[in-house]
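Step one of this worksheet: look at the structure below.
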Amino acid sequence: MSQDNTAVTTNPSEMKYGEREIINGELITFPNPRMGRRYNVDISLPEFTCKCPFSGYPDFATIGIIYVPDQKVVELKALKLYINSFRDRYISHEEVTNQILDDFVAIADPHQITVRADFSPRGNVHMIVEVKHEK
């Protein structure tokens, strides 16, 4: 039970609509409206959370994604829901950053992409993980 005496559930029919959207969320794309032109898309996701796989404590980060689209562009609401799907996952800083890159490349196949995860300090330690991919 939560502090306000309401049950926390994982039954999809009892979840709030936002929780259902996050669970069902996946990255989706649409055609690049400017095929043949190279341009940067710079996205900041400042409310990222996941859980430490060792302690279970929450980790907070700002995720930055800069990519040069090829044929596809990632839809932002889908990206938001995808990023929110990590909030209850036990995953290391290194693994989550690489997973975001791998999933993004698999769905959008950009010319190039950099994913930068700037984790909030915890226990006097500040960590940034940056991964890149180029065709």
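Only strands (runs of 3 or more DSSP E) wholly contained in the stretch 64-135 count here; list those with 1 or more residues that are within 20 Å of D42 (Cβ to Cβ) and small (G, A, S). Steps first, please.
On the way: elements: 72-74, 112-122, 125-134.
Qualifying strands (runs of 3 or more DSSP E): 112-122.
Results for (1) within 20 Å of E130 (Cβ to Cβ); (2) surrounded by fewer than 16 Cβ atoms within 10 Å (Cβ to Cβ); (3) polar (S, T, N, Q), shown as yes or no for each residue.
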| residue | (1), (2), (3) |
| --- | --- |
| Y39 | no, yes, no |
| S44 | yes, yes, yes |
| E47 | yes, yes, no |
| K51 | no, no, no |
| I66 | yes, no, no |
| Q71 | no, yes, yes |
| A78 | no, no, no |
| R87 | no, yes, no |
| H93 | yes, no, no |
Out of V115, V41, I need the residue that is in contact (Cβ under 8 Å) with a residue 40 or more places away in the chain and not hydroxyl-bearing (S, T, Y). Which one?
V115
Quick one: in the stretch 48-73, which of the residues that are in contact (Cβ under 8 Å) with a residue 60 or more places away in the chain and among the charged types (D, E, K, R) is nearest to F30 (Cα to Cα)?
D70
Subset of the stretch 1-36 [modelled with pLDDT of 95 or more and either over 24 Å from the mean Cα position of the chain (by Cα) or of a type in the set (F, W, Y) (or both)]:
F30, R34
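The values are calculated or read from the model by the stated rules, or taken from the named source; none is laboratory data. These numbers were taken from a predicted model, which means no experiment stands behind them. Heads up, the Cβs are rebuilt from the backbone with ideal geometry, glycines too, and the neighbour counts pull from every protein chain shown.
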